[in-house]
Amino acid sequence: MLLLDHLWILLALPLAGAATNGLLGKRWPRSTVNSVGVGSVSLAFLAAAELVREFSLLKADQIPYVKSYFTWIAAGPFTVDFSLQVDQLTVVMLLTVAFVGMLIHIYSTGYMAHEGGYYRFFSYLNLFMFFMLTLVMAANLIVMFVGWEGVGLSSYLLIGFWFLKKSAADAGKKAFIVTRLGDFGFTVGILATFWVFGSVQYGEIFGKAASMPIEANSQIGPLTAICLLLFLGAIGKSAQLPLYVWLPDAMEGPTPVSALIHAATMVTAGVYVVARMNPLFSRAPMAMLVVAIVGGLTAFYSATIGLVQTDIKKVLAYSTVSQLGYMFLGCGVGAYAAGIFHLMTHAFFKGLLFLAAGSVIHAMGGEQDMHRMGGLRKKIPVTYWTMLIATLAIAGVPGLSGFFSKDEILEAAASGPHAHPTLWILGLAGAGLTSFYMFRLLFLTFFGPSRYDEHAVHVHESPKNMTVPLMILALFALGGGWFAAPHLVGGTDHFEAFLHPVFQAYAPVGAQVAEQASLAGSAGPSSGLGSEAGELFKALAGWPVIVALIGFVAAWWFYIRRPESAERVRARFGALYQVLLNKYYVDEIYAALFVRPLLWISTNLLWHGVDEVAIDGVVDGVPRVARELGSQLRELQSGNTRSYATWVVLGAVGFTVLLLGLLGMAVH
Amino acid sequence: MSVVPISYYLVLSAILFGLGAVAVVFKRNIITIFMAIELMLNAVNLAFVAFARAHGQIDGLVFVFFVIVVAAAEAAVGLAIVITITHNRQTLNVERVNLLKL
Amino acid sequence: MSLPFALFFLCALLAVVGAVLLIVAREPIHSALALVLVMMSLAVLYLLLGAEFIAAVQIIVYAGAIMVLFVFVIMLLNAGVEERTDWSRIASFGGTTLGVVLLAVVAFRLARSDVGSGIANGGGSSSQAASTRDLSMALFQQYLFPFEATSILILIAILGALVLARKDE
């Protein structure tokens, strides 16, 4: 069991890549930087594959497979080991992160070929991989937090990669600061966990939680508090309402960064946390409700903003926020496996969307405004076809990966044990909007007349190192959902079956988890049509498909058939359009409510008040006092002999009195 | 044993010392101040002798001996200084001798 | 009242008067003479206390040499009338009296306490006055080092006085 016993190798590989490129890469030719940067991640992926093979040989009672490497913190009762673990959830996350990460690294060699700071880019990207892998392989909250913070750091570094551009540097800061708010909640959550359970190790926490009852909806018990706090961190890291504002700005970073960090991996860390802590969440119904509501609202809200954006990357950014909302919705209604499933399929199709968008931008020589594109279908066919596949996937067209995952989530929202009709409607509406804006993106970019100067821009297909990852991802976006397919014809959902132990091991007794029904293989007691075919038909003709179709038709109408009608609608709903285009003015509201007052307080209270008056006052005051005292005392030495004599006499008298006092006390 | 209680001598010594201290503070002439210091030394001598008699120890007298000797040396040097100052400053007013300052 | 007591009070009175005169006198030469008076009465008091050698040394060295030196210098420098002090007379008078009374009270309390009464009533190994012989034995045996040191001190003092009083050439 080579790798299972040496899990750290998976972390060491990207870290070594980061260090090598960072320290030595400046003088190396690009090919060497590539070898190191892409090589380390590729090796990590191969190692992950081998790890999965070894994992498959384990027996059920050996899972989760935990290895502690050294005692990191030993502070009385608070001991934390650097320990890593592998279980089914880890395997899913590991493969997703490593695979997509590898593809994006390869892609970057093409996309960043003409950029400066090449070695720095790969160093940061490897560093990110290191932290992300730490995050998913951690066996306790503290090691995970190391990864959590580390990916935040890498995100900051990569968003602000072109740091000489003010908007990029600002975006990096914004990302870090906004997620910091969430991280505060997360930290308090970790502390609360330690307080309640006396440990931060997953195994120990879950073991103790198993004997705790489900908390009532009305009060906030310890489990609810912990879950809400951890979820606050997830809100920040996974860009949900109200802390989503950093993600659209993060598009300032290079497109591979947007693909890897802000679509496929880092932003999904919040979903991973919620799924990982499912034993706690299952016992805190109010927390689950909060998660579901936040997820559902965000899914819908963000989709509305995406409807009218003109920058291709911004559309995808809001789409990511929206899709993350779906993942949280899934977890919030108890369908953890569905949420993770959507996480995986989203990594494929959203990663693909971003990379393809990057290919478009590269082809257009840097243009990102869709209104200045058009008719690119025949000119960059590979990009077009892969992007088409991804769009179909995200819209939820039956057969592709996105269909299965989204469908499961919506089904759980509609009729699972924690179902909420309102949330189902929100999710459904969001799905319709998603379909609309994604097809809008496709049509504006690839169809219609060329709305750019064809002589100025020389449109060309991207090189192989960019198109091959696109094609590979397209394959997975196409077929990545087939594990779950048998469920629709009465078989088992293999994905859920695989993850079953993770979500069932500590499930509360008597509580139904959404998985049960699909695991049993049959439709369960809910449907009227009892046959397998009926189940399949229900899925195919279900509401998600209908709204996806509506979205497609609407987009086709507005952007292919009658493009002028888009203008007319815009004119009629001018105010609404402006609100959506300006993202509900949330950034401006935040600036007025929080940023400016904080700046004012920092400047006037803390800087002028505390720093200048208090601290400088003390620091300057002490020598000033000394100086004043000195100059006062100096006047004793007046040169006047008589005053000297007087002082001597007075001193002698004082001394005598003192002595007599002491003597008197000694005698009596 | 002395017929007169030793405490009487001590009181006298204290009075003389006090008068000497007053004179040091209030007089202006350097030489007068000097003499007042000598007065204080004498008062102390009286106390030493009294104690020597009271305890029957010779050490008090030895001390007095040394005080007188050192007082003599001090007087010599001190008056020499006074003469020097007077030659420089043409005055015996101690307030004019104010160069010993920062 | 017996002779010792009477003698004590007479000499004490003379001493105090002399001290007061020292303060009050306007001419330095008068202060010097007052100081001589004080020293003489003190010498008598030393005799009363049985310290004959010390009394003799007091007269010979203190009154006879040191005070003569003082008088020399006063006359040499033609020290004239002391300038009027600018303190208020009442303040200086009051202050003086107060200071003296304070110190007297302090001494009195000392005398009254165990320390003082212990001293007044006994405690000495010998009840007779110390003799000159004992004094010289102590000087040349126990206190030999300080004795020699003071002789060096005198030497230094002479040198110092010589250097200081010399006119710069």
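The values are calculated or read from the model by the stated rules, or taken from the named source; none is laboratory data. Just so it is clear, the structure is predicted and the values come from calculations on it, not from any experiment. Quick reminder, even Gly has a Cβ in these numbers, built from the backbone with ideal geometry, and neighbours come from all protein chains shown.
Given the conditions (1) at pLDDT below 90; (2) within 14 Å of A:Leu441 (Cα to Cα), report the number of the one that A:Ala337 does not fulfil.
(2)
Condition first: outside any helix (DSSP H, G or I) and either closer than 21 Å to A:Ala652 by Cα or more than 7 Å from every other protein chain (Cβ to nearest Cβ) (or both). Can you find one or more residues in segment B:10-29 that meet it?
yes
Which residue, of A:Asp87, A:Asp81, is under 22 Å from A:Thr345 (Cα atoms), touching a residue at least 40 places away in the same chain (Cβ under 8 Å), surrounded by fewer than 24 Cβ atoms within 10 Å (Cβ to Cβ) and among the charged types (D, E, K, R)?
Unique residue meeting the criteria: A:Asp87.
Quick check on A:Gly617: is it surrounded by 12 or more Cβ atoms within 10 Å (Cβ to Cβ) and either under 53 Å from the mean Cα position of the chain (by Cα) or more than 30 Å from B:Met35 (Cβ to Cβ) (or both)?
yes
Residues of segment A:649-668 being within 17 Å of B:Ile33 (Cβ to Cβ) and facing another protein chain (nearest Cβ under 8 Å), which ones?
Scanning segment A:649-668 gives A:Val649, A:Ala652.
Any chance segment B:55-63 includes a residue that's farther than 22 Å from C:Met40 by Cα, surrounded by 19 or more Cβ atoms within 10 Å (Cβ to Cβ) and facing chain C (nearest Cβ under 7 Å)?
Yes: segment B:55-63 contains one or more residues that are farther than 22 Å from C:Met40 by Cα, surrounded by 19 or more Cβ atoms within 10 Å (Cβ to Cβ) and facing chain C (nearest Cβ under 7 Å).
Give me a count of the residues in segment C:34-75 that are out of contact with any helix residue (DSSP H, G or I) (no Cβ under 7 Å at 6 or more places or on another chain) and facing chain B (nearest Cβ under 10 Å).
Residues in segment C:34-75 being out of contact with any helix residue (DSSP H, G or I) (no Cβ under 7 Å at 6 or more places or on another chain) and facing chain B (nearest Cβ under 10 Å): 2 in total.
With the condition kept exactly as written, say whether any residue in segment A:457-477 is part of a loop (DSSP other than H, G, I, E, B) and modelled with pLDDT under 80.
Yes.
So if I check each of B:Glu38, B:Glu74, which one is more than 7 Å from chain C (Cβ to nearest Cβ), charged (D, E, K, R) and within 17 Å of C:Met39 (Cβ to Cβ)?
Result of the check over B:Glu38, B:Glu74: B:Glu74.
Write out, first by first residue and then by second, each pair whose Cβ atoms fall under 9 Å of each other, whose residues are 6+ apart or on separate chains, and whose first residue, in segment A:221-237, is crowded, with 24+ Cβ neighbours inside 10 Å while the second is in a helix (DSSP H, G or I) and of a type in the set (Lys, Arg).
So the pair list comes out as A:Gly236/A:Arg180.
Is it the case that segment A:47-55 has a residue that's closer than 17 Å to A:Gly17 by Cβ and modelled with pLDDT of 90 or more?
yes
Considering every residue within segment A:404-420, establish whether at least one is surrounded by fewer than 24 Cβ atoms within 10 Å (Cβ to Cβ), modelled with pLDDT under 90, under 22 Å from A:Gly481 (Cβ atoms) and among the polar types (S, T, N, Q).
Yes, some residue in segment A:404-420 is surrounded by fewer than 24 Cβ atoms within 10 Å (Cβ to Cβ), modelled with pLDDT under 90, under 22 Å from A:Gly481 (Cβ atoms) and among the polar types (S, T, N, Q).
Six or more apart or on different chains, Cβ atoms under 7 Å: show the pairs whose first residue is in segment C:1-30 and more than 7 Å from chain B (Cβ to nearest Cβ) and whose second is surrounded by fewer than 14 Cβ atoms within 10 Å (Cβ to Cβ).
C:Arg26/C:Val81; C:Glu27/C:Val81
Among the listed residues A:Ala250, A:Ala263, A:Ala275, identify the single one that is farther than 15 Å from A:Phe354 by Cα and either among the small types (Gly, Ala, Ser) or not assigned by TED's automatic domain parsing to the domain that holds A:Ala216 (or both).
Answer to the check: A:Ala275.
Kindly indicate which of B:Thr86, B:Thr32 is surrounded by fewer than 24 Cβ atoms within 10 Å (Cβ to Cβ), facing chain C (nearest Cβ under 7 Å) and of a type outside the set (Gly, Ala, Ser).
Unique residue meeting the criteria: B:Thr86.
Within segment A:267-278, is there a residue that is modelled with pLDDT under 90, farther than 25 Å from A:Val502 by Cβ, under 13 Å from the mean Cα position of the chain (by Cα) and not basic (Lys, Arg)?
No: zero hits.
If you check A:Phe197 against the conditions, is it over 27 Å from A:Asp81 (Cα atoms), aromatic (Phe, Trp, Tyr) and free of Cβ contacts under 8 Å to residues at least 40 places away in the same chain?
no
Is there a residue in segment A:231-254 that is in contact with a strand residue (DSSP E or B) (Cβ under 8 Å, 6 or more places away or on another chain), at pLDDT 90 or above and among the hydrophobic types (A, V, I, L, M, F, W, C)?
The answer is yes; a qualifying residue exists.
Please work out which one of (1) in contact (Cβ under 8 Å) with a residue 40 or more places away in the chain; (2) of a type in the set (Phe, Trp, Tyr); (3) not in a helix (DSSP H, G or I) is the condition A:Phe163 fails and give its number.
(1)
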